[in-house]
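The values are calculated or read from the model by the stated rules, or taken from the named source; none is laboratory data. Quick caveat: nothing in here was measured; it's all calculated off a predicted structure. Note that we place each Cβ from the backbone using ideal geometry, even for glycine, and neighbour counts take in every protein chain shown. The protein model used for the area step is the full one, side chains on, heavy atoms only, and it has no ligands, DNA or RNA in it. Shrake-Rupley method; radii C 1.70, N 1.55, O 1.52, S 1.80 Å.
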Amino acid sequence: MGKEGSNSVKPTIDITSRKVIEYIKLVIILLLIGVEIIICADAYARVEPHYYFYIALACCVMLLGFESVNAFVFKNFAAKMTFYALDSAFILMLCIFTGNLFMSTIYCLVLTQCYLSVDRFRDKTILFAVSCVLYVISSIVGYLLSNPSMSGFDMTTGILVGLGAIAIDFVVSVFLLKFYSTNLELRAALKEADESRRRLEEMHDQLTQTKVFEERNRIAKDIHDTAGHSMTTVIMQTEAAKLLIDDNPAEAKNRIISANVQARNALEQMRESVHLLAGRGSKKPLKEEIEEVIAQTVDGTEIKARCDIAAVQPPEEAYRFLVNSVKELLANGIRHGKATAFYVELKQDKNCIELLVSDNGDGVKGEIKEGFGLKGIREKSEKLGGSCEFSSEDGEGFEVRITLMKEKSE
């Protein structure tokens, strides 16, 4: 194909499409050979003197050679147009030496091959107009030299018939090429759509796997928060009972009873977690739920807790996150920080919901290292569009501040 214009859009052509174009060019060359054989045979039979026949034969051979090279060798648009100018010169010589027999047919074949080399419709139109002018000039010269006695009416009629054939060839060629180009674009678009669909399916599979992993992590964290908090309290109660069983059996009994209650609460919380994972929402207000978690933690122990809980009722996901965070932070403070006192605050304003949990435990010396629980709290708060800050000093307790943007949590 010819060199593409700066503003043209060239369709994607695969190997099969190139073969189709090559076959069309080959058919044009074969048709040109057939027409030239007829012209040469007619010239041999009726043109005098006979050396005109040899000139016509030479012109036909040169025209065929230039067209073949133009069709199958040259790819540069400028070179193709140069060869088309030479083709026009040989066609003019054929008109001079043999008359106008099949001249319009030759023009149509040569032009069709040229149309294949031009991408823009404007260039095709210019090529068609220039060819019409050359055809008229060639026809007039041919008529005047080969049949000077022809009337002006007959000459004009012959030229108009030839121009009509060239015009029909232009319309049909442009239509078929446009149809073929559109077909190529549709095939390319369908191929791209299939590829996009394949990529989307792969992304969907990856997303599905990611969702499965996220759900597994969520279930693991939910069990970790719920069971971890309750079991920590049960262990503390039973450990205290072991220390009191000899000196104060009655108090030890109370601690064991409290541990039993805590274990039952742990079972109930596990059941509630299963219900939540199954899609059933929580019925208790958040304030009541957090106060119950705190009460279960301090019940029957030496642990003290103060709280200031506002009546906040966020969406289910944020609700569960805040409750589980309180459980995790209380359990962490008791287990790792050996805390004996906690302060829990939950408040909201127009823009955000804020949870503060602080304890009087051992604190952290140096950099705070996030375990499974703390890392899960930070990641979940960020996923809900909020933030999480940890602060601690050696011997000064541990403080966690969770902030959720109200409009994002909703």
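Starting from the amide H of A305, placed 1.01 Å from N in the peptide plane, find each other amide H under 5 Å away whose residue is 5 or more places distant or on another chain.
Result for A305 returns F342.
Structure shown: which of K287/K375; K242/K287; K211/K338; K211/K350; K287/K365; K284/K338 lie over 28 Å apart, alpha-carbon to alpha-carbon? Could the numbers behind the result be given before it?
Working: K287/K375 25 Å; K242/K287 34 Å; K211/K338 37 Å; K211/K350 32 Å; K287/K365 33 Å; K284/K338 30 Å.
Going by Cα-Cα distance, K242/K287; K211/K338; K211/K350; K287/K365; K284/K338 fall outside the 28 Å limit.
Which value, in debye to the nearest 20, gives the size of the charge dipole of region 319-410 about its Cα centre, when Lys and Arg are +1 and Asp and Glu are -1 at the Cβ?
Details: 15 positive and 17 negative charges, 86 e Å.
Computed charge dipole of region 319-410: roughly 420 debye.
With every protein chain present, what is the per residue accessible area of region 150-214 (1.4 Å probe, Å²)? Show your work: numbers first, answer last.
Working: 4820 Å² over 65 residues.
Value returned for region 150-214: 74 Å² of accessible area per residue.
What is the packing order of peptides 198-210, 383-395, taking the mean over residues of other C-beta atoms within 10 Å and listing the highest first? Please list the in-between numbers first.
Working: 198-210: 10.2, 383-395: 15.2.
Per-residue mean Cβ counts within 10 Å order the peptides as 383-395, 198-210.
Can you pull the one-decimal nm distance between simple spin-label points at R199 and M231, each 7 Å off the Cα toward Cβ?
Output for this residue pair reads 4.7 nm.
At 1.4 Å probe size, with the rest of the protein present, what percent of the exposed accessible area of region 115-183 is carbon and sulfur atoms?
Carbon with sulfur: 78 percent of the solvent-accessible area.
Taking the mean number of other Cβ atoms within 10 Å as a proxy for protection, how do you rank 80-86, 150-156 from highest to lowest? Present the calculation step by step, with values, prior to reporting the outcome.
On the way: 80-86: 17.6, 150-156: 11.7.
Going from most to least packed, we get 80-86, 150-156.
So, in Å, what gap is there between the alpha-carbon centers of region 313-383 and region 125-141?
Taking the Cα centre of each part, region 313-383 and region 125-141 sit 88 Å apart.
Quick check: convex hull over the Cα atoms of region 51-176, volume per residue in Å³, rounded to an integer? All intermediate terms of the calculation are to be shown ahead of the outcome.
Working: hull volume 11.1 nm³, N = 126.
Each residue corresponds to 88 Å³ of Cα convex hull volume.
Show me the ranking of peptides 351-358, 322-329 by mean Cβ neighbours inside 10 Å, starting with the highest.
On the way: 351-358: 19.4, 322-329: 25.1.
In descending order of packing, they fall as 322-329, 351-358.
In terms of solvent-accessible area of protein heavy atoms at a 1.4 angstrom probe, what is the ranking of E396, E289, highest value first?
E396, E289
If you roll a 1.4 angstrom probe over the protein chains with everything in place, what fraction of the accessible area of region 325-410 belongs to carbon and sulfur, to the nearest %? Write down the numbers at each step before the final one.
Working: 1990 of 4450 Å².
The nonpolar share, carbon plus sulfur, comes to 45 percent.
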